[in-house]
Amino acid sequence: MAEIVITGGAGRVAGFIRPGLAEHGHRVQLLDLVSPAEPLRSSERFRAVEATDVDALARAFVGADLVVHLASHATERPWPDIRDVNVESAYAVHEAAHRAGVRRVLAASSVHAAGYVPSDRAADDDVPAPRPDTFYGVSKVVLEALGSLYADRDGSTVVSARIMTCEQEPYDVRSLGTWLSPADAVRLVEAALATDLTGHHVVWGVSRNTRRPVSLAAGERIGYRPVDDAETFAPRFDDLPPLAADAPIGGDFTTGPLGTWW
Ligand SMILES: NC(=O)c1ccc[n+]([C@@H]2O[C@H](COP(=O)([O-])OP(=O)(O)OC[C@H]3O[C@@H](n4cnc5c(N)ncnc54)[C@H](O)[C@@H]3O)[C@@H](O)[C@H]2O)c1
């Protein structure tokens with residue numbers, strides 16, 4: 001049983017992992033600007049906290065075994081929005097974890113930190129170097145850099161998970177490769193809680209999909225062993241054309257307009 005604080009606790013990914021965290025017996029504090037739509041369990045608390053407010057975050061983080069940082073704009077936006085929320089909260093969460101003495105942080109990075117990497121080259125390295133596809137992707141590169149900085153300064157454990165597509169089920173051909181199932185997202189949280197490794201670790205937030213374009217090696221080093229495979233859902237998409245072998249792993253984000261969501 002652990003004390004877990006989740007920023008962005010009213011969001012979709014938080015909603016996916018809350019049942020699994022409750023089943024594992026964890027106590028969970030959900031921080032967000034808005035209350036979660038789903039009712040709170042007896043093991044859950046909600047606190048309204050702005051994710052860029054270092055002092056408020058530090059107060060909420062005291063005693064936490066793990067901070068899971070999910071709060072952000074989760075799609076492309078104009079640069080000032082990305083800077084004011086995603087970049088500022090990346091700093092605020094890591095600084096607050098430092099001040100509160102938290103030893104483990106799991107931060108939601110994104111495939112869009114490296115979205116221009118071609119699918120057929122994406123597993124050449126366990127974790128490819130950043131190659132952001134949007135301002136949103138740039139904010140995730142900054143999040144990873146701050147995670148590296150604070151892990152090295154504090155000797156703490158920071159896992160930056162490049163989440164690919166976290167959904168209940170895959171919804172198109174691309175997501176047959178990029179899907180992160182809710183159950184595997186919970187396994188990722190459990191790995192961040194249990195690993196003996198300190199330092200910064202960038203891992204892929206992806207399930208054990210037959211078609212996944214990326215390596216599981218970095219995740220396995222911290223004990224993340226996904227189980228689910230999107231291939232189970234593949235017959236649903238039999239009528240759709242396959243992806244090009246060299247399609248960028250960031251999908252539509254690589255061709256959509258910069259600074260706006262379409
Ligand atoms: N869902 C995916 O497939 C996916 C893929 C890659 C990365 N991610 C990342 O995972 C995280 C969660 O994604 P999601 O799909 O749940 O997004 P979401 O938009 O559903 O949830 C984000 C939550 O953050 C909160 N928030 C935003 N700004 C805030 C602020 N200033 N202060 C406090 N709370 C604030 C929102 O109210 C919202 O509840 C995000 O960081 C996103 O970039 C998600």
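Listed values for segment 139-146 are Karplus-derived 3J(HN,Hα) couplings in whole Hz (6.51 cos²θ - 1.76 cosθ + 1.60, θ = phi - 60°), namely 5, 6, 5, 4, 4, 5, 5, 5, and x replaces Gly and Pro. Ranked for footprinting exposure by Cβ neighbours inside 10 Å, fewest first, S156, S139, S181, S42 give S42, S156, S181, S139.
I'd like the FRET efficiency for D172 and S43, computed as 1/(1 + (r/R0)^6) with the beta carbon distance as r and R0 of 51 Å, rounded to 0.05. Walk me through the numbers on the way to the answer.
Numbers: r = 35 Å, r/R0 = 0.68.
Between D172 and S43 the formula returns 0.90.
Using the Cα centre as the reference, give the magnitude of the dipole from point charges on the C-beta atoms of segment 3-254 (Lys, Arg: +1; Asp, Glu: -1; all else neutral), rounded to the nearest 20 debye. Mind dumping the intermediate values first?
Numbers: 25 positive and 36 negative charges, 107 e Å.
Approximately 520 debye in magnitude.
Positive-end ranking of W261, G251, L240 along the dipole of segment 218-262, with charges on Cβ about the Cα centre, is headed by W261.
Listing R121, R18 from fewest to most neighbouring C-beta atoms within 10 Å gives R121, R18. Each residue in I163, I249, I4 was given a count of other beta-carbon atoms within 10 angstrom of its own, and listing them fewest first yields I163, I4, I249.
A straight chain from R12 to T195 at 0.36 nm per residue would run longer than the Cα-Cα distance by 63.3 nm.
Pull out the extension gain between S35 and D238, defined as 0.36 nm times the separation in residues minus the alpha carbon to alpha carbon distance; nm, one decimal. Roughly 69.1 nm would be gained on extension. Treating each Cα of the chain as one equal point scatterer and applying the Debye formula with no solvent, the log10 of I(q)/I(0) at q = 0.11, 0.17 Å⁻¹ comes out as -0.55, -1.38. Here's how it looks for L106: its modeled amide H is under 5 Å from those of V67, V68, H69, V159, which are all 5 or more places away or on a different chain.
Any read-out appearing in this document is the output of simple, stated calculations on the displayed coordinates, not a laboratory observation. Not measured: the values here are computed from a predicted model. Note: ideal-geometry Cβ built from the backbone for every residue, glycine included; neighbour counts use all protein chains shown.
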